[in-house]
Amino acid sequence: MLISIKINLPLEEKFNLLIKNRINNSYVNEDGDLINIYSSSEIINKELLEKGIDYKDKAIDDIILELSSKNHPTLRVQNRDYSEELGVLKDYMLELSFYLHDYDYDKMNPILQNVFKNLKQYSDLLRKHRFNF
């Protein structure tokens with residue numbers, strides 16, 4: 001779906017797209033492990049290393065930045081599966097950041113605040129549909 005169309009959708013339809021993407025945003029690695037935002041840190045750490053990202057002694061923001069730089073738009077065309085896998089790992093890191101900041105907007109840096117604010121608009125709908133993310 002085009003971004004211009006997504007922007008003009010009612011909030012409830014944007015929410016439905018978010019949920020669909022959250023559910024579909026996973027992959028199975030070569031070891032047969034399901035990778036998504038609920039995967040164990042042990043599995044995610046192994047995946048990061050397999051993708052060439054050394055997570056040791058790095059801040060989560062640095063890992064997110066590295067994942068974003070490896071997922072540059074010009075590279076997406078070359079290897080779509082790899083790009084989607086990096087996106088799943090980035091979502092995991094964002095969710096971990098929210099958790100480590102106690103989901104408290106004021107404790108987050110401005111970049112994380114922006115991402116959190118975009119997701120927070122769905123909080124009433126999440127409660128309405130009893131989703132627990």
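Filter the cross-link list Lys46/Lys107; Lys51/Lys120; Lys14/Lys58; Lys14/Lys56; Lys20/Lys70; Lys46/Lys117 down to pairs whose alpha-carbon distance in this structure exceeds 27 Å. Where the Cα-Cα span goes over 27 Å, the pairs concerned are Lys46/Lys107; Lys51/Lys120; Lys14/Lys58; Lys14/Lys56; Lys46/Lys117.
Cβ crowding within 10 Å ranks Glu12, Glu30, Glu84 as Glu30, Glu12, Glu84, fewest other Cβ atoms first. Between Glu84 and Asp106, the C-beta separation translates, for a Förster distance of 25 Å, into a calculated FRET efficiency of about 0.15. When only Cα pairs below 8 angstrom with a gap of at least 6 residues are kept, the stretch 10-129 shows a relative contact order of 24 percent. If the chain linking Asn114 and Lys51 were pulled fully straight, counting 0.36 nm for each residue of separation and taking away their Cα-Cα distance, it would gain 20.0 nm.
Since every read-out is calculated from the coordinates, none of them should be taken as a lab result. Predicted model, so just to flag it, every value in this text is computed and none were measured. Backbone-built Cβ (ideal geometry, glycine too); neighbour counts: all protein chains shown.
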